1. Which one, 11, 71, 93, is farthest towards the positive end of the dipole of the chain when Lys and Arg carry +1 and Asp and Glu -1 on their Cβ?
2. Would you calculate, for the chain, the mean residue ellipticity at 222 nm contributed by helices, counting each DSSP H stretch of 4 or more residues as -39,500 (n - 2.57) and dividing by all residues, to the nearest 500?
3. So if I place +1 on the C-beta of Lys and Arg and -1 on the C-beta of Asp and Glu, and nothing else carries charge, what would the dipole magnitude of the range 1-50 be about its Cα centre? I want it in debye, nearest 20.
4. So how strong a dipole does the chain carry about its Cα centre when Lys and Arg Cβ are +1 and Asp and Glu Cβ are -1, to the nearest 20 debye?
5. Report the calculated FRET efficiency for residue 43 and residue 85 (r = Cβ-Cβ distance, R0 = 30 Å), to the nearest 0.05.
6. When ranked by the protection proxy of mean other Cβ atoms within 10 Å per residue, highest first, what sequence do the peptides 35-46, 10-21, 75-86 form?
7. So what J values fall out for the range 45-61 if you push phi through Karplus, 6.51 cos²θ - 1.76 cosθ + 1.60 with θ = phi - 60°, rounded to Hz, Gly and Pro as x?
8. Pop out the ³J(HN,Hα) list for the range 72-79 in order, Karplus 6.51 cos²θ - 1.76 cosθ + 1.60 with θ = phi - 60°, rounded to Hz; leave Gly and Pro as x.
Amino acid sequence: MDLPSTVEFQLLALVVTERSGRDVAHALKNETGRTISYGTLYTTFRRLRESGWVSVRDDVDEDGRVRWFRITAAGLKAMERAREQYRGLAEFGLGGQLA
């Protein structure tokens, strides 16, 4: 069963509502304090699209071409599997003490 990487998980979470690549890059910086190059961003979104986890829509605005991303139902399921995995790792060895 495939799970998104940490960065893929973050990007999926940022496109629960449709966002442009530029908006995603800014939101990631605001949320994590880290920047992501547009090359890395769009390459990662290409992999997410190939996995069926995001849909992509191309458009044009006053600044030129804009690519919009939105999580799919399969992407939501992948995020939930990852959340469960991370939750299990966080609670490992605690004997349910965090529950």
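Each value in this text was obtained by applying a stated rule to the coordinates, not by laboratory testing. Being a predicted model, the structure only gives us computed values, none of them experimental. Cβ atoms come from the backbone with ideal geometry, glycine included; neighbour counts cover every protein chain shown.
1. 93
2. Details: 4 runs with 53 residues, N = 99.
Helix-only estimate at 222 nm: -17000 deg cm²/dmol.
3. Working: 7 positive and 6 negative charges, 38 e Å.
For this selection, approximately 180 debye.
4. Working: 15 positive and 14 negative charges, 33 e Å.
Its charge dipole is roughly 160 debye.
5. Details: r = 24 Å, r/R0 = 0.79.
It comes out at approximately 0.80.
6. Values: 35-46: 14.0, 10-21: 17.9, 75-86: 15.6.
Packing proxy ranking, top to bottom: 10-21, 75-86, 35-46.
7. After applying 6.51 cos²θ - 1.76 cosθ + 1.60, I find 5, 4, 4, 5, 5, 5, 7, x, 8, 9, 9, 10, 9, 9, 8, 10, 10 Hz.
8. 9, 4, 5, x, 4, 5, 5, 4
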